[in-house]
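First the structure, in the form of structure tokens, and then the observations on it.
The values are calculated or read from the model by the stated rules, or taken from the named source; none is laboratory data. It should be emphasised that the depicted structure is a prediction, and the values quoted were computed from it without experimental measurement. Don't worry about glycine lacking a Cβ; one is built from the backbone with ideal geometry, like all the others, and counts go over all protein chains shown.
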Amino acid sequence: MAERTLSAEEGEALVEQTAVLSERVATLPSPIMVARYERCERYACSECATGDVWREHSRGFTVPNEWPERAADFSG
């Protein structure tokens, strides 16, 4: 899957919602894919010429503590 690019407004909105999003993810009963974004450095690439974009840096999954047991129950 291709990396995602966010506008400056979208990136700033995520920064403002970090606490709310972190709390919500911590209480989800199922796995969720998460992504890490970084503000593009000015002139680092053609899309970042203005410095007004955020680029996806990495992805991962967050799972609840009991997920291994639930997955074993499901597969068994």
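If only residues of segment 1-31 that are part of a helix (DSSP H, G or I) and β-branched (Val, Ile, Thr) are counted, the one that is farthest from the chain's Cα centre (by Cα) is VAL20.
When ASN65 is tested against (1) exposed (fewer than 10 other Cβ atoms within 10 Å of the Cβ); (2) modelled with pLDDT of 90 or more, exactly one condition is not met: (2). Looking across segment 1-36, just one residue is touching a residue at least 12 places away in the same chain (Cβ under 8 Å), β-branched (Val, Ile, Thr) and farther than 22 Å from PRO68 by Cα, and that is THR5. For ASP52, the conditions (1) surrounded by 11 or more Cβ atoms within 10 Å (Cβ to Cβ); (2) at pLDDT 85 or above; (3) more than 16 Å from the chain's Cα centre (by Cα) all hold with the exception of (2). Considering (1) modelled with pLDDT under 85; (2) out of contact with any strand residue (DSSP E or B) (no Cβ under 7 Å at 6 or more places or on another chain), the lone condition that CYS40 does not fulfil carries the number (2).
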